[in-house]
Amino acid sequence: MKTAAIIVAAGQGVRAGSAIPKQFAPLAGKPLLAHGHGALASHPAIDDVVVVIGAGQEAALEAALGPVGFVIGGATRRESVANGLAAIDADRVLIHDAARPFLSHAVIDALLAALETSEGALPALPVADTLARAGETLGETVPRDGLVRVQTPQAFHTATIRAAHAAWPEDREATDDAQMVRALGIEVALVPGDMKLEKITHPADFAAAEARHAASMRVRTAQGYDVHRFAEGEALWLGGIQIPHSKGLSGHSDADVALHAITDALLGVIGAGDIGMHFPPSDPQWRGAASARFLEHAAGLLAAQGGVIDFIDLTIICEAPKIGPHRDAIRASIAAILRLAESQVSVKATTTERLGFTGRGEGMAAQAIATVRVPSDIA
């Protein structure tokens, strides 16, 4: 069965107190929207992810996620979801709110398993607090037995949720999609929710989410090292920038020694081997490939495990060309590929005092160190 996901991110988020809509505001090192999108896009059972945004938010989405599938939402959440449903071609769909960033693959797994026997499913948490009616003073308590806190994503067979939207009265709003399905007389299954799926609504929620995220993370560092020889007739690529020089670097791909070193550093942080394991030089599809693709792949693997890049430190080792005139462009290029601020990337250069193969001008080397935060439960 084909499975799609819809992320509702069309609001303005005015209660969050941010100068920009909250789904694009930074949280734990990247835009809030990027957390949920990364979790859904990296899940092996999800074939497509569509983001529903507000009119005029296209540039903000591009800056947050790069080129991804999207549709423009409506005036209400219900209309936005309906627009998302019209844009997908799948048997099953997960509908998620961008304001719940810390989505785990375990929750997705539980929802998809529930759809094997149910038309719909959602994550829910038991109510732990005392509930009471309130006016100007405290009223009587309300029994909490049998009450749950409803979260997203909510999962449905696509035909069922489309039928629920079609049958729902136009003059009535729904706070979520599950109640629309229940209005058809269809039961919605419950799976265990996750405290990390708390919704971000107010400014204090951002601070609380940052604190929760920080408490669940630990710092890792790893290094990468790469070497390529100079060759006549080749272009010289460093950090995704073509550098004018009499020779270029020889390799199966574009031989960007700087990006290769950073790629290996990121792969090392999550114990994912090295660049040759993921892009073997024996595979003809990588001949002449832009090394930015390799770095984006490594960064994607890290993000899928909940990792956040804090800093990249790169040292380029060569006698020529001089790196100084190109340092700022290389730094900006690396930051753009990894979607980091330039202040999170350091680019240095050194020589070997004419010793060794770099000193003789036979080639170039690069060393990179990546400092990242990863979830503490990563092995």
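The values are calculated or read from the model by the stated rules, or taken from the named source; none is laboratory data. None of the values given here were measured: they were computed from a predicted structure. Neighbour counts are summed over all protein chains in view; Cβ atoms, including those assigned to glycine, are modelled from backbone coordinates with ideal geometry.
Looking only at residues in the range 155-193 that are within 22 Å of Asp91 (Cβ to Cβ) and among the acidic types (Asp, Glu), which one is surrounded by the fewest Cβ atoms within 10 Å (Cβ to Cβ)? The residue in question is Glu187. For the range 311-343, filtering for residues that are in contact (Cβ under 8 Å) with a residue 60 or more places away in the chain and touching a Gly at 6+ places or on another chain (Cβ under 7 Å) leaves 5.
Say whether the condition of being at pLDDT 95 or above, under 20 Å from Leu267 (Cβ atoms), out of contact with any helix residue (DSSP H, G or I) (no Cβ under 8 Å at 6 or more places or on another chain) and polar (S, T, N, Q) is met by at least one residue in the range 349-372. Scanning the range 349-372 turns up at least one residue that is at pLDDT 95 or above, under 20 Å from Leu267 (Cβ atoms), out of contact with any helix residue (DSSP H, G or I) (no Cβ under 8 Å at 6 or more places or on another chain) and polar (S, T, N, Q).
When you check Gly271 against the structure, is it modelled with pLDDT of 90 or more, buried (at least 20 other Cβ atoms within 10 Å of the Cβ) and not hydrophobic (A, V, I, L, M, F, W, C), yes or no? Full working, then the answer.
Working: modelled with pLDDT of 90 or more: yes; buried (at least 20 other Cβ atoms within 10 Å of the Cβ): no; not hydrophobic (A, V, I, L, M, F, W, C): yes.
For Gly271, the condition - modelled with pLDDT of 90 or more, buried (at least 20 other Cβ atoms within 10 Å of the Cβ) and not hydrophobic (A, V, I, L, M, F, W, C) - is not met.
When restricted to residues that are part of a strand (DSSP E or B) and either in contact with a Cys (Cβ under 8 Å, 6 or more places away or on another chain) or touching a residue at least 40 places away in the same chain (Cβ under 8 Å) (or both), the range 344-358 contains 2. For the range 298-312, the criterion of being more than 23 Å from Leu27 (Cβ to Cβ), of a type outside the set (S, T, N, Q) and at pLDDT 90 or above is satisfied by no residue at all.
Every condition in (1) at pLDDT 95 or above; (2) more than 22 Å from Ala189 (Cβ to Cβ); (3) not in a loop (DSSP other than H, G, I, E, B) is met by Gln23 except one, and the failing one is (1). Only one of the numbered conditions (1) out of contact with any helix residue (DSSP H, G or I) (no Cβ under 9 Å at 6 or more places or on another chain); (2) under 18 Å from Glu198 (Cβ atoms); (3) assigned to a strand (DSSP E or B) is violated by Ala128, and that is (3).
Considering each of Pro31, Pro26 in turn, give the residue that is in contact with a Phe, Trp or Tyr (Cβ under 6 Å, 6 or more places away or on another chain), more than 20 Å from Phe156 (Cα to Cα) and not aliphatic (A, V, I, L, M). Give the steps one after another, and end with the answer.
Numbers: Pro26 fails: in contact with a Phe, Trp or Tyr (Cβ under 6 Å, 6 or more places away or on another chain).
Exactly one residue qualifies, and that residue is Pro31.
Condition check for Glu79 on (1) surrounded by 15 or more Cβ atoms within 10 Å (Cβ to Cβ); (2) part of a helix (DSSP H, G or I); (3) touching a residue at least 24 places away in the same chain (Cβ under 8 Å): one failure, at (3).
Take Pro101 and decide whether it is surrounded by fewer than 20 Cβ atoms within 10 Å (Cβ to Cβ) and of a type outside the set (A, V, I, L, M). Full working, then the answer.
Details: surrounded by fewer than 20 Cβ atoms within 10 Å (Cβ to Cβ): no; of a type outside the set (A, V, I, L, M): yes.
So Pro101 does not fit the description; no.
Total residues in the range 201-244 satisfying the condition of being crowded, with 20+ Cβ neighbours inside 10 Å and in a loop (DSSP other than H, G, I, E, B): the figure is 2.
Matching residues to (1) modelled with pLDDT of 95 or more; (2) among the aliphatic types (A, V, I, L, M):
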{"position": "Thr76", "(1), (2)": "no, no"}
{"position": "Asn83", "(1), (2)": "yes, no"}
{"position": "Ala106", "(1), (2)": "no, yes"}
{"position": "Ala110", "(1), (2)": "yes, yes"}
{"position": "Ala114", "(1), (2)": "yes, yes"}
{"position": "Ala121", "(1), (2)": "yes, yes"}
{"position": "Leu138", "(1), (2)": "no, yes"}
{"position": "Val142", "(1), (2)": "no, yes"}
